Amino acid sequence: MTTTRLTRYDRSMLRLMNDRRGQAWYATAARRRLAVAAHITLTVALGALMTHFFLAEGEALWPVAAMAVLLLPWMVATGVINGATRGLLELREHVLDERQSAERSRVLARAHRMTTLLLAAAATALLTTGGVAGDAPKAYAAPLLIAVLVVHWVMPLWVAGLRAQDEPAEDDAVEAGDLASAG
């Protein structure tokens with residue numbers, strides 16, 4: 001951490017992001033991948049429901065109810081990933097140490113590259129579809145743009161969740177200390 005004075009918000013977020021009570025949810029790489037997969041699935045489902053709601057001809061409210069139901073597990077999955085990364089993307093830069101700051105930069109760079117490719121693919125799909133059909137598919141342009149924007153927003157979280165490392169077990173730390181003192 002730098003010498004910048006931490007605000008009450010910074011201290012509160014640091015405590016929250018380093019709270020180990022939920023560690024069982026993300027203790028292994030498989031659990032972190034599962035949390036990211038669940039988050040991706042829920043994000044796609046929420047996006048599909050939102051698209052259906054805005055493109056449907058009728059005024060069915062069932063997509064809104066389904067979105068409300070899916071939002072809670074989506075928020076839980078977000079919290080699990082944030083806990084696994086110790087708030088890498090949620091904490092302010094001056095709260096992070098040098099290693100965390102470098103990791104945040106790597107995560108953001110990789111996510112940026114991935115979303116750039118996704119945006120290029122979306123633009124190509126719209127232009128190709130418009131060229132084949134003879135007219136741009138205007139009804140799908142806005143939902144596709146919103147979908148890419150949402151992915152751009154959450155991609156750093158997904159990348160950070162997939163890149164998070166296992167924390168050393170207590171036994172491993174003790175054994176490493178024994179080896180160092182024996183040498």
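Numerical summary
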{"read-out": "Boolean, residue 4 is at pLDDT below 95 and either touching a Leu at 6+ places or on another chain (Cβ under 8 Å) or surrounded by 14 or more Cβ atoms within 10 Å (Cβ to Cβ) (or both)", "value": "no"}
{"read-out": "Pair list, Cβ under 6 Å, 6 or more apart: segment 4-32 residue within 18 Å of residue 85 (Cβ to Cβ), other residue aromatic (Phe, Trp, Tyr) and open to solvent by less than 100 Å² (accessible area, probe 1.4 Å)", "value": "32/26"}
{"read-out": "Matching residues in segment 124-140 - criterion: being over 18 Å from residue 51 (Cα atoms) and part of a helix (DSSP H, G or I)", "value": "124, 127, 128, 129, 130, 131, 132, 133"}
{"read-out": "Restricting segment 60-114 to residues that are of a type in the set (Val, Ile, Thr) and surrounded by fewer than 19 Cβ atoms within 10 Å (Cβ to Cβ), the residue that is modelled with the lowest pLDDT", "value": "64"}
{"read-out": "Residue match in segment 33-49 (condition: open to solvent by 60 Å² or more (accessible area, probe 1.4 Å) and over 20 Å from residue 146 (Cβ atoms))", "value": "yes"}
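The values are calculated or read from the model by the stated rules, or taken from the named source; none is laboratory data. Not measured: the values here are computed from a predicted model. Methodologically, a virtual Cβ is constructed for each residue, glycine included, from the backbone with ideal geometry; neighbour enumeration extends over all protein chains shown. Note: areas computed on protein heavy atoms with side chains; ligands, DNA, RNA excluded. Shrake-Rupley method; radii C 1.70, N 1.55, O 1.52, S 1.80 Å.
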